[in-house]
Amino acid sequence: MVYITDDVTRRRTFAKRKRCLLKKVYELSVLCGVPACAVVTAPGEPNNQPEIWPSIFDADNLIGRLRDLPASARDKHDLDQERFLSKEVERLKEQLGRLEKGNREAEAKVALMRCL
């Protein structure tokens, strides 16, 4: 992915992707029965009004509910890139350990079969 340098193409792409993003947020909300909102702005645009879905009132209520949560509950699943990658590395290390153990057991079985 690279920055789109042509202004017209970038604006057209932004509008199309924004529509798709808002549609996905709507689908997530309906299909999973979860409250959701989205705030999308276009930096550098002359009339930079954020687009808010579903409405500014609903988004304000949802953000207020999030702010009212205790910090421990609010930050429980909040990951920056470093924390995400650390968790992913840990998960992959555990998976590698399980696979190595399975390989050792399989190699031992093969060795025993050869001896017999």
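The values are calculated or read from the model by the stated rules, or taken from the named source; none is laboratory data. Owing to the predicted nature of the structure, the values given are computational and were not obtained by experimental measurement. Glycine gets a Cβ as well: all are built from the backbone with ideal geometry, and neighbour counts include every protein chain shown. Only protein heavy atoms, including side chains, enter the accessible area calculation; ligands, DNA and RNA are left aside. Shrake-Rupley method; radii C 1.70, N 1.55, O 1.52, S 1.80 Å.
How far, in nm, would the chain grow between E107 and Q95 when pulled straight, counting 0.36 nm per residue and subtracting the alpha carbon separation?
Between E107 and Q95, full extension yields 2.5 nm more.
Got a sec? What order do F57, F14, F84 fall in by accessible area at 1.4 Å, biggest, i.e. largest, first? Mind dumping the intermediate values first?
Working: F57 135, F14 75, F84 100 Å².
So the residues, ranked largest to smallest area, are F57, F84, F14.
Dipole of region 1-94, Cα-centred, from +1 at each Lys and Arg C-beta and -1 at each Asp and Glu C-beta, to the nearest 20 debye? If you can, show how the numbers build up before the last one.
Working: 17 positive and 15 negative charges, 69 e Å.
Result for region 1-94 is approximately 340 debye, rounded to the nearest 20.
Can you compute the charge dipole magnitude of region 54-116 about its Cα centre, using +1 on each Lys and Arg Cβ and -1 on each Asp and Glu Cβ, nothing else charged? Give it in debye, rounded to the nearest 20. Show your work: numbers first, answer last.
Numbers: 13 positive and 13 negative charges, 101 e Å.
That gives a dipole near 480 debye.
Which value, in Å² rounded to 10, gives the accessible area of D60 with a 1.4 Å probe and all protein chains present?
In the full protein context, D60 sits at about 100 Å².
How much solvent-accessible surface does C20 expose, in Å² to the nearest 10, with a 1.4 Å probe and all protein chains in place?
The accessible area comes out at roughly 80 Å².
Binning at 5 Å from 0, report for the chain what percent of all alpha-carbon pair distances ends up in each bin.
All Cα pairs, binned at 5 Å, distribute as 2, 8, 9, 12, 12, 12, 11, 8, 6, 5, 4, 4, 3, 2, 1, 0, 0 percent.
Once every DSSP H run of n ≥ 4 in the chain is given -39500 (n - 2.57) and the sum is divided by its residues, what mean residue ellipticity at 222 nm do you get, rounded to the nearest 500 deg cm²/dmol? Intermediate results must be reported in sequence, preceding the final value.
On the way: 4 runs with 78 residues, N = 116.
When only DSSP H runs of four or more count, the value is -23000 deg cm²/dmol.
Per-residue accessible area for V30 at 1.4 Å probe radius, Å² rounded to 10?
V30 exposes around 80 Å² with every protein chain in place.
Students often forget the sequence filter, so: which lysines lie under 20 Å Cα-Cα from K109 once same-chain residues fewer than 8 apart are removed?
List returned: K101.
So which aspartates and glutamates pass the test for K24, namely a Cα distance under 16 Å, with those fewer than 8 places away in the same chain ruled out?
Answer for K24, where 16 Å is the Cα cut-off: E51, listed by chain and number.
Explain nothing, just compute: Karplus ³J(HN,Hα) = 6.51 cos²θ - 1.76 cosθ + 1.60, θ = phi - 60°, for every residue of region 47-64 in order, whole Hz, x for Gly and Pro.
Once rounded to whole Hz, the list reads 10, 6, 9, x, 9, 10, 10, x, 8, 5, 5, 5, 5, 4, 5, 5, 5, x.
Using a 1.4 Å probe over the heavy atoms of the protein chains, calculate the carbon and sulfur portion of the accessible area of region 14-116 as a whole percent.
58 percent
Of all the C-alpha pairs in region 59-116, what % are more than 17 Å from each other? Write down the numbers at each step before the final one.
Numbers: 1080 of 1653 pairs.
Roughly 65 percent, rounded to a whole number.
Between R74 and L21, what is the FRET efficiency for a Förster distance of 22 Å, r being their Cβ-Cβ separation, to the nearest 0.05?
On the way: r = 23 Å, r/R0 = 1.04.
So, using R0 = 22 Å, E works out to roughly 0.45.
Between V34, V25, V89, which gets the highest mean-square fluctuation from a Gaussian network model of the chain, Cα cutoff 10 Å?
Answer for the Gaussian network model of the chain: V89.
Using the heavy atoms of the protein chains alone and a 1.4 angstrom probe, what is the accessible area of the chain per residue in square angstrom? It would help to have the intermediate numbers written out before the result.
Values: 10320 Å² over 116 residues.
The answer is 89 Å² per residue.
What nm distance separates the two modelled labels at N48 and R67, each placed 7 Å from Cα along Cα→Cβ?
2.1 nm
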